[in-house]
Amino acid sequence: MTRREQRALADALRALPLEEVAAALGYRRDPGDRTRWKRDGSVLSVTGAKFYDHLRGVGGGGAIDLAIHARQCGFRDALRFLSGLGHAGHGSAAPVRERPAELRLPPRVARSWPEVRDSLVRTRGIDPGALDDGHAAGIVYADGRRNAVFVARDAAGRTTGAEIVGTRRMEGRRGFKAMAPGSRKARGGFWLAAKGGEPASALLVESAVDALSVLTRPPPGPGHALVASAAGVCTAVPQWLDAFGLTRIDCGFDADDAGDRAADALAHRDIRVWRLRPDGAKDWNAILQERKG
């Protein structure tokens with residue numbers, strides 16, 4: 001193939017409909033939002049030839065960029081993948097589904113825990129007792145890079161993934177956040193039972209850190225029997241929560257446009273959902289830190 005032919009092929013593949021490419025990459029369209037596509041560890045908004053991954057905070061344009069992003073591969077590998085869909089400007093993409101990634105939690109490193117615990121207490125303001133309880137239960141621990149690992153579970157306590165949060169400060173860089181490879185957010189999340197809350201009620205927040213922050217200093221009101229993290233925003237109540245038999249779910253997503261839009265969508269689709277907006281700061285941990293200071 002000549003260089004001109006390679007360029008023509010790349011141009012044709014780049015122009016493939018992103019909806020077809022997303023389906024071939026294992027994404028599923030959100031029935032409540034036709035522009036949103038989801039798979040484990042990734043939530044895309046697709047608008048024409050542009051996409052944005054809300055969980056990773058990055059976006060791009062064209063099918064090649066999407067393949068590189070979703071497969072974490074190079075340009076040539078992306079071309080091979082797109083060429084294998086059965087067309088380069090002809091027909092439509094075959095409904096190929098990639099095999100779900102195997103769950104791989106970071107190894108537990110006991111010697112890192114004291115430093116990680118101290119950081120969560122000192123910089124995040126989280127109650128040390130809540131951390132100790134989580135650590136003893138095996139759902140909060142440290143890895144070898146001094147990241148805090150918050151284990152996601154279903155209602156029966158089976159591990160379904162983990163939220164990973166960096167505790168080392170790096171000047172000029174945003175704090176590290178990720179999901180463990182192979183995490184299945186539709187099957188479970190980081191959750192904790194709360195004492196003295198209203199039976200069959202839950203507060204759904206955007207992160208494990210927020211969940212622990214709520215247990216440290218709960219918002220005004222009667223309280224909740226369960227505090228759970230969605231590991232980001234969502235527009236439908238996570239299916240795994242149904243096993244708890246909840247009659248009321250307060251949506252405590254961040255006090256920003258994305259949180260408000262997601263909360264509105266949840267309330268529109270599920271009569272159990274009510275909005276409980278963080279008051280005075282963007283999220284529950286920010287409120288906790290302000291009150292601590």
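What follows draws every value from the coordinates through simple rules; no lab data is involved. The model shown is predicted, which means the values in this text are computed figures rather than measured ones. Please note: Cβ atoms are built from the backbone with ideal geometry, for glycine as well, and neighbour counts cover all protein chains shown.
Label Ile271 and Arg168 with points 7 Å out from Cα along Cα→Cβ: what is the distance between them in nm?
Placing both labels 7 Å beyond Cα along the Cβ direction yields 5.2 nm.
For a Förster distance of 30 Å, can you work out the FRET efficiency between the beta-carbons of Thr35 and Ala243, rounded to the nearest 0.05? Provide the component values of the computation, followed by the final result.
On the way: r = 30 Å, r/R0 = 0.99.
According to the calculation, E is roughly 0.50.
Given 0.36 nm per residue, what is the gain on full extension from Ala155 to Glu198 after removing their alpha carbon distance, in nm? Before the final figure, lay out the partial values.
Values: separation 43, 0.36 × 43 = 15.48 nm, distance 1.80 nm.
Answer, rounded to one decimal: 13.7 nm.
Considering only Leu246, Ala228, Pro199, whose Cα is most displaced toward the positive end of the charge dipole of the chain, charges sitting on Cβ of Lys, Arg (+1) and Asp, Glu (-1)?
Going by the charge dipole, the pick is Ala228.
Take the Cβ-Cβ distance between Glu5 and Thr123 as r, set R0 to 51 Å, and report the resulting FRET efficiency rounded to the nearest 0.05. Show your work: numbers first, answer last.
Working: r = 55 Å, r/R0 = 1.08.
After rounding to 0.05, the efficiency reads 0.40.
When you take every Cα atom in the chain, what is the radius of gyration, and what is Dmax, the widest Cα pair distance, in Å?
20.8, 71
With only Lys, Arg, Asp and Glu charged, each at its Cβ (+1 for the first two, -1 for the last two), find how big the charge dipole of the chain is about the Cα centre; round to the nearest 20 debye.
Details: 46 positive and 35 negative charges, 171 e Å.
The calculated dipole for the chain is roughly 820 debye.
Go through Gly26, Ala12, Trp37 and say which Cα lies farthest out towards the positive end of the charge dipole of segment 1-88; charges sit on Cβ, +1 for Lys and Arg, -1 for Asp and Glu.
Ala12
How far apart, in nm, are the 7 Å Cα→Cβ label points at Ala49 and Phe75?
Each label point lies 7 Å from its Cα, and together they span 1.7 nm.
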